[in-house]
Amino acid sequence: MNKFEQELKNNNFTCSECKKCDKLVWPPSDFCNKCFGDVMWRPLSRTAKLVEFSRKNDEYFCIAEFEDQIRIMGTIENVENLQVGQTLNLVKCDYDGKEKFVFQSIR
C-alpha cells in the first residue's frame, strides 16, 4: 500500500507536490511526472467543484475538481437540485482495495 492509499484509509485526502517545480502530481507519485524531482506530501482542500454527474438507479456519481486541476470520481450523498459548477464537500475518503470518495453538495 502506498502513502496515498494509507492516507485515504485514514480519511485523509493528500497529494504529492514537487519540491522543485511546485506541480501537484496527479495521480499521486513518489516523484514529479514533469521534472522527475522529489515530492512532498500535503493535504488537499476538501472543497471541490462539480464538473458533471450522472445517476444509476438510486446512486449518483460525479466528477469533482480540486484546486482547479485535480479531478476525481465519487458518489454524492445529498442530490437535491444538483447543478454543474456548484460546490461540493468531500465528506469521506477511504481505501479498501480501491479508492472511494463520497461528496455532499454545499448550498
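Taking a ≥ b ≥ c as the square roots of the Cα gyration tensor eigenvalues, with a/c under 1.5 meaning rounded and otherwise prolate when a/b beats b/c, else oblate, which class fits the chain? Could the numbers behind the result be given before it?
Values: a/c = 2.53, a/b = 1.76, b/c = 1.43.
Prolate, because a/c is 1.5 or more and a/b exceeds b/c.
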Review point. Check residue 15: other-chain or 5+ apart residues with amide H under 5 Å from its amide H, H built from backbone geometry?
Key: 42, 44
Practice item. For the range 47-105, just the Cα set please: Rg and Dmax, both in angstrom. Key: 10.7, 32
Study note, to complete from the structure: Taking Cα pairs closer than 8 Å and at least 6 residues apart, the relative contact order of the range 47-105 in percent is 33 percent
Review point. When only C-alpha pairs under 8 Å and at least 6 residues apart count, what is the relative contact order of the chain, in percent?
Key: 23 percent
Review point. How much length is gained if the chain between residue 83 and residue 20 is pulled fully straight, taking 0.36 nm per residue apart and subtracting their Cα-Cα distance, in nm to one decimal?
Key: 18.9 nm
Practice item. Hand me the GluC sites (Glu not before Pro) from the range 1-104 located in a DSSP loop with no more than 10 other Cβ atoms within 10 Å, in residue order please. Key: 80
Check your understanding: Roughly how many debye, to the nearest 20, is the charge dipole of the chain about its Cα centre, given +1 on each Lys and Arg Cβ, -1 on each Asp and Glu Cβ, and no other charges?
Key -> 180 debye
Exercise for review: Apply the Karplus parameterisation 6.51 cos²θ - 1.76 cosθ + 1.60, with θ equal to phi minus 60°, to every residue of the range 15-25 and state each ³J(HN,Hα) to the nearest whole Hz, in sequence, with x for glycine and proline.
Suggested key: 8, 8, 10, 5, 6, 8, 10, 6, 6, 6, 9
Check your understanding: Expressed in nm to one decimal, what extension gain is obtained for the pair residue 3 and residue 31 from 0.36 nm per residue of sequence separation less their Cα-Cα distance?
Key -> 8.8 nm
Review point. So how far, in whole Å, is the C-alpha centre of the range 42-76 from the one of the range 1-24?
Key: 17 Å
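Taking neighbour counts of Cβ atoms within 10 Å as a proxy for exposure, in what order, fewest first, do 29, 54 appear?
54, 29
Each value in this text was obtained by applying a stated rule to the coordinates, not by laboratory testing. Keep in mind it's a predicted model, so treat the numbers as computed, not measured. Cβ atoms come from the backbone with ideal geometry, glycine included; neighbour counts cover every protein chain shown.
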